[in-house]
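Below is one structure, written out as structure tokens; comments come after it.
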Amino acid sequence: MANKFLEISKVGIEFPTANGPFTALKDVDFSINEGEFVSIIGHSGCGKSTVLNIIAGLYQATYGGVILEGKEVNAPGPDRAVVFQSHALMPWLTVYDNVALGVEKVFKGQKTKAEMKSWVEHNLALVKMDHAMRKMPHEISGGMKQRVGIARCLAMQPKVMLMDEPFGALDALTRANLQDSVMEIQKELNTTVVLITHDVDEAVLMSDKIVMMSNGPAAKVGELLEVDLPRPRERVALSKNEQFNYYRQQVLSFLYEKKGVVDFNSAKQQSDKQLKAKQQDSNNDGDETIADKAS
Amino acid sequence: MTVPANTSEVASSNVDIIMRKFSDTLRSFDLKTAVYPFLGIVIFLFFWNVAASRIDTSLGQFPGPAQVYQQSVTLIEEHLAEQLKAEAFYERQEKRNAKKLAKNPDAKIKVRKYTGKETFLDQIFTSLKTVLFGFFIASAIAIPLGIICGLSDAVYKGMNPLIQIFKPVSPLAWLPLITMVVSALYVSEDPYFEKSFLNSAFTVALCCLWPTLINTAVGVANVDKDLLNVSRVIQLSALTHVRKIILPASVPMIFTGLRLSLATGWMVLIAAEMLSQNPGLGKFVWDEFQNGSSNSLSRIMVAVVVIGLIGFALDRIILMAQRFVSWDKQAVLR
Ligand SMILES: Nc1ncnc2c1ncn2[C@@H]1O[C@H](COP(=O)(O)OP(=O)(O)O)[C@@H](O)[C@H]1O
Ligand SMILES: [Mg+2]
């Protein structure tokens, strides 16, 4: 943790609702190194997307903040480009134009028209979609759309690529293909990636580090797991790998056995806080010890 | 190439081909698209005929399809006759002026407009011009305003009470006010537009405003959130954002608004013309009613059918425009 490339620092968020503010996240705290592939895993509704949206600048954290290369960021920008689960391609633009939309804005004044064109084509080739440049989004399959979404993101040369369950809506085979493509590209470009997932295999297969989130409300980081497996990773070989299965078991155990632990801690903290207001600061160490154990 | 033995064989093979083609077309004929509408019209005409023959009014029997058809022919003939008169008038005028100039090259010549009776076809043309002019004014205001309302919650909340209050007001209630304002403000020696034309057009515009404004605002406000987020991540400029994201995304809703607007505008125009005696189809209907000849009801009925057909055609034209503009060529447009 020498150079903290991206720091999520004590982030908390409250959403205004009809029954008063709803605390979705509280004290979410972790950091990411440059070139690292980090997954955030947790049960549905725990606040994974909210974390990603805060990093992207699409949501404003109520407490804490996000620091990228030493500077706080709190507005969206192409340096933290997002791949959306719903692919979010403009249905009225061709595959090429969807990618070009970002390129034309980001490289305005830096690249000539011809350079932009070849840059768009290069990125589409990277995700193996250069054959369908002139197609409309409704003419290509779901997996292909997601490839284009990834190309659009990569083409902006983001410092961090944020992916919100990008493979969630795809069938198993397409998903496996796309996972391999993303790993390949990430290795080649050394992009920093934050991937949101609820798929344990996906998290272990793809990540250098897994951030496990406790259940909401007031979700926080439960455990951190460093995945130390050599790359390139090959899913068939890994399925028999002991180390891989150990990591897998660790994540499964967090999700299905210990999922309450952090909540119990925080619940205890709450009651402690009410009883002994003076000691509330020292009680915060609880989850850090868990995180330390994991890493 | 084999030469057929006799002519009858050639004939029969030709008949064969024709028959086959005929049965092919019959089979490919979609019942729903052609036969049913046709049947519907035939049945309607039958009941109309039966009902008309039983209704006696003070202006004679209610016209059936046959009388109405006959009057439509008469109306066209009247128009052609009027055109001939106009031509003759201009010819005479030209000759007179030419003679004057021949006598004295510095003579002031007058070119007068032919002021004959406005025929049915003239009135159709006037009404069309008026409705389109009013519709374009309204759209030019309503679409940009709707986009701003859809983009900004504050503007929408500010505008909403005004929209809700003015929307249900029949534009006919505005008509006297518009008439007075136009005659007060539009003073010109050589007016490009007639005042009556502007009165009707502004009345139309006033009722064309709301459906387009509301639908555009709703369309813009409901653009897919993910697409908006993409735009924010890319940091598109406001103008590019509207042009590349907001407008294409809300095209279907904008056009829904435009179609509603034009339909109501057309209905209101006829009423406004009847009420204010401004030239147009409404005036034609009113004049015929006041006229009260034995043919009047038939002539009014012709106008009714024509008003309907034009309303239908206007709607189709907007649909075609939508097909042309919209990215979604698959969308089922009704
Ligand atoms: N804009 C919002 N307004 C109110 N509540 C929200 C909003 N976004 C998310 N939430 C709430 O925050 C919690 C976390 O949501 P989310 O981050 O989407 O979960 P996940 O992505 O892990 O499934 C949920 O309880 C959700 O209802
Ligand atoms: Mg989510």
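Identify, from the list A:MET90, A:MET136, A:MET156, A:MET163, the residue that is crowded, with 18+ Cβ neighbours inside 10 Å and more than 10 Å from chain B (Cβ to nearest Cβ). Steps first, answer last, please.
Values: A:MET90 fails: more than 10 Å from chain B (Cβ to nearest Cβ); A:MET136 fails: more than 10 Å from chain B (Cβ to nearest Cβ); A:MET156 fails: more than 10 Å from chain B (Cβ to nearest Cβ).
Residue meeting the stated conditions: A:MET163.
Okay, residues lined up against (1) away from chain B (no Cβ under 13 Å); (2) among the aromatic types (Phe, Trp, Tyr); (3) open to solvent by 20 Å² or more (accessible area, probe 1.4 Å):
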{"position": "A:LYS145", "(1), (2), (3)": "no, no, yes"}
{"position": "A:VAL148", "(1), (2), (3)": "no, no, no"}
{"position": "A:LEU173", "(1), (2), (3)": "yes, no, yes"}
{"position": "A:SER181", "(1), (2), (3)": "yes, no, no"}
{"position": "A:THR192", "(1), (2), (3)": "yes, no, no"}
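What do you reckon, is B:LEU236 outside any helix (DSSP H, G or I), within 14 Å of chain A (Cβ to nearest Cβ) and farther than 19 Å from B:ILE124 by Cα? Steps first, answer last, please.
On the way: outside any helix (DSSP H, G or I): yes; within 14 Å of chain A (Cβ to nearest Cβ): yes; farther than 19 Å from B:ILE124 by Cα: yes.
Criteria met by B:LEU236.
Within the stretch A:199-211, is even one residue among the acidic types (Asp, Glu), under 13 Å from the mean Cα position of the chain (by Cα), within 14 Å of chain B (Cβ to nearest Cβ) and within 16 Å of ligand 2 (Cβ to nearest atom)?
Within the stretch A:199-211 (the criterion being among the acidic types (Asp, Glu), under 13 Å from the mean Cα position of the chain (by Cα), within 14 Å of chain B (Cβ to nearest Cβ) and within 16 Å of ligand 2 (Cβ to nearest atom)), the answer is no, since none of the residues qualifies.
Tally time: how many residues in the stretch A:54-91 are of a type in the set (A, V, I, L, M, F, W, C), under 16 Å from the mean Cα position of the chain (by Cα) and either within 16 Å of ligand 2 (Cβ to nearest atom) or under 15 Å from B:LYS225 (Cβ atoms) (or both)? Walk me through how you get there before you give the answer.
Taking the stretch A:54-91 first, the residues of a type in the set (A, V, I, L, M, F, W, C) are A:54-56, A:58, A:61, A:66-68, A:73, A:75, A:81-84, A:88-90.
From the residues that got through so far, the ones that are under 16 Å from the mean Cα position of the chain (by Cα) too are A:54-56, A:58, A:66-68, A:81-84.
With either within 16 Å of ligand 2 (Cβ to nearest atom) or under 15 Å from B:LYS225 (Cβ atoms) (or both) added as a condition, the list becomes A:54-56, A:58, A:82-84.
Result for the stretch A:54-91: 7.
Could you grab the pairs with beta carbons closer than 7 Å, sequence gap of 6+ or different chains, first residue in the stretch A:47-67 and of a type in the set (Gly, Ala, Ser), second one assigned to a loop (DSSP other than H, G, I, E, B) and within 12 Å of ligand 2 (Cβ to nearest atom)?
A:GLY47/A:GLY216
Hey, can you tell me all the residues within the stretch B:250-270 that are open to solvent by less than 30 Å² (accessible area, probe 1.4 Å) and among the hydrophobic types (A, V, I, L, M, F, W, C)?
B:VAL251, B:ILE254, B:PHE255, B:LEU258, B:LEU262, B:TRP266, B:VAL268, B:LEU269, B:ILE270 - these are the residues of the stretch B:250-270 that are open to solvent by less than 30 Å² (accessible area, probe 1.4 Å) and among the hydrophobic types (A, V, I, L, M, F, W, C).
For the structure I just gave you, tell me whether B:ILE245 is crowded, with 20+ Cβ neighbours inside 10 Å, within 14 Å of chain A (Cβ to nearest Cβ) and free of Cβ contacts under 8 Å to residues at least 12 places away in the same chain.
no
For the stretch A:154-180, enumerate the residues that are part of a helix (DSSP H, G or I) and over 24 Å from A:LEU6 (Cα atoms).
Step one: of the stretch A:154-180, the residues part of a helix (DSSP H, G or I) are A:154-155, A:172-180.
Answer for the stretch A:154-180, where residues must be part of a helix (DSSP H, G or I) and over 24 Å from A:LEU6 (Cα atoms): A:ALA172, A:LEU173, A:THR174, A:ARG175, A:ALA176, A:ASN177, A:LEU178, A:ASP180.
Any residue that is modelled with pLDDT of 90 or more and among the hydroxyl-bearing types (Ser, Thr, Tyr) - is there at least one of those in the stretch A:180-190?
Yes.
Does the stretch A:62-76 contain at least one residue that is at the interface with another protein chain (Cβ under 8 Å from one of its Cβ atoms) and touching a Pro at 6+ places or on another chain (Cβ under 7 Å)?
No: the stretch A:62-76 contains no residue that is at the interface with another protein chain (Cβ under 8 Å from one of its Cβ atoms) and touching a Pro at 6+ places or on another chain (Cβ under 7 Å).
Condition first: open to solvent by 70 Å² or more (accessible area, probe 1.4 Å), within 16 Å of ligand 2 (Cβ to nearest atom), touching a residue at least 12 places away in the same chain (Cβ under 8 Å) and more than 14 Å from chain B (Cβ to nearest Cβ). Can you find one or more residues in the stretch A:33-45 that meet it? It would help to see each step written out before you state the result.
Quick first cut of the stretch A:33-45, residues open to solvent by 70 Å² or more (accessible area, probe 1.4 Å) only: A:34, A:44-45.
So of that shortlist, the ones also within 16 Å of ligand 2 (Cβ to nearest atom) come out as A:44-45.
Add one more test, that the residue is touching a residue at least 12 places away in the same chain (Cβ under 8 Å), and what stays is A:44-45.
This time we only want the ones that are more than 14 Å from chain B (Cβ to nearest Cβ), so: A:44-45.
Within the stretch A:33-45, one or more residues are open to solvent by 70 Å² or more (accessible area, probe 1.4 Å), within 16 Å of ligand 2 (Cβ to nearest atom), touching a residue at least 12 places away in the same chain (Cβ under 8 Å) and more than 14 Å from chain B (Cβ to nearest Cβ).
Scan the stretch A:224-243 and report the pairs whose first residue is more than 17 Å from A:LYS187 (Cβ to Cβ) and in contact (Cβ under 8 Å) with a residue 40 or more places away in the chain and whose second residue is open to solvent by 80 Å² or more (accessible area, probe 1.4 Å) and not hydrophobic (A, V, I, L, M, F, W, C), with Cβ atoms within less than 9 Å and a gap of 6+ or a chain change.
Listed by first residue and then by second, the contacts come to A:LEU224/A:ASP292; A:LEU224/A:SER295; A:LEU225/A:SER295; A:GLU226/A:SER295.
Test A:GLY109 against the stated conditions and say whether it is more than 10 Å from chain B (Cβ to nearest Cβ) and under 25 Å from B:ALA238 (Cα atoms). Quick ask: steps written out before the conclusion?
Values: more than 10 Å from chain B (Cβ to nearest Cβ): yes; under 25 Å from B:ALA238 (Cα atoms): yes.
So A:GLY109 fits the description; yes.
Cβ-Cβ distance below 8 Å, separation of 6 or more or different chains: which pairs start in the stretch A:110-127 with a residue that is open to solvent by 50 Å² or more (accessible area, probe 1.4 Å) and end on one that is assigned to a helix (DSSP H, G or I) and among the hydroxyl-bearing types (Ser, Thr, Tyr)?
A:GLU121/A:TYR96
Starting from residues that are of a type in the set (D, E, K, R) and modelled with pLDDT under 70, keep the ones in the stretch B:317-334 and report whichever is surrounded by the most Cβ atoms within 10 Å (Cβ to Cβ). Before the answer, list the steps.
Initially, the stretch B:317-334 is screened for residues of a type in the set (D, E, K, R), giving B:323, B:328-329, B:334.
Filter again for modelled with pLDDT under 70, leaving B:329, B:334.
Values: B:LYS329: 9, B:ARG334: 5.
Filtering first and then ranking leaves B:LYS329.
Look through the stretch B:210-227, keep the residues that are within 14 Å of chain A (Cβ to nearest Cβ) and not in a helix (DSSP H, G or I), and return whichever of them is least open to solvent (accessible area, probe 1.4 Å).
Within the stretch B:210-227, the match that is least open to solvent (accessible area, probe 1.4 Å) is B:VAL223.
Could you figure out which of (1) within 15 Å of ligand 1 (Cβ to nearest atom); (2) part of a loop (DSSP other than H, G, I, E, B) isn't true of A:VAL51?
With (1) within 15 Å of ligand 1 (Cβ to nearest atom); (2) part of a loop (DSSP other than H, G, I, E, B) applied to A:VAL51, the lone miss is (2).
For the stretch A:57-80, does any single residue satisfy the condition of being within 16 Å of ligand 1 (Cβ to nearest atom) and either under 20 Å from A:GLY142 (Cα atoms) or open to solvent by less than 10 Å² (accessible area, probe 1.4 Å) (or both)?
Yes, some residue in the stretch A:57-80 is within 16 Å of ligand 1 (Cβ to nearest atom) and either under 20 Å from A:GLY142 (Cα atoms) or open to solvent by less than 10 Å² (accessible area, probe 1.4 Å) (or both).
Identify all residues within the stretch A:180-227 that are within 16 Å of ligand 1 (Cβ to nearest atom) and over 25 Å from A:GLU14 (Cα atoms); write none if there are none.
A:ASP199, A:VAL200, A:GLU202, A:ALA203
I'm checking my understanding of the structure. Among residues of the stretch B:130-170 that are more than 20 Å from B:ALA217 (Cβ to Cβ) and in contact with a helix residue (DSSP H, G or I) (Cβ under 6 Å, 6 or more places away or on another chain), which one is most open to solvent (accessible area, probe 1.4 Å)?
Taking the candidates together, the pick is B:PHE133.
If the requirement is being under 24 Å from A:TYR96 (Cα atoms) and small (Gly, Ala, Ser), which of these qualifies: A:SER207, A:SER181, A:SER214?
Details: A:SER207 fails: under 24 Å from A:TYR96 (Cα atoms); A:SER214 fails: under 24 Å from A:TYR96 (Cα atoms).
Checking each option against the conditions leaves just A:SER181.
The values are calculated or read from the model by the stated rules, or taken from the named source; none is laboratory data. Model, not experiment: these values are computed from the prediction. Note that each Cβ is placed from the backbone with ideal geometry, even for glycine, and that neighbours are counted across all protein chains shown. Just the protein is used for accessible areas: all its heavy atoms, side chains included, with ligands, DNA and RNA removed. Shrake-Rupley method; radii C 1.70, N 1.55, O 1.52, S 1.80 Å.
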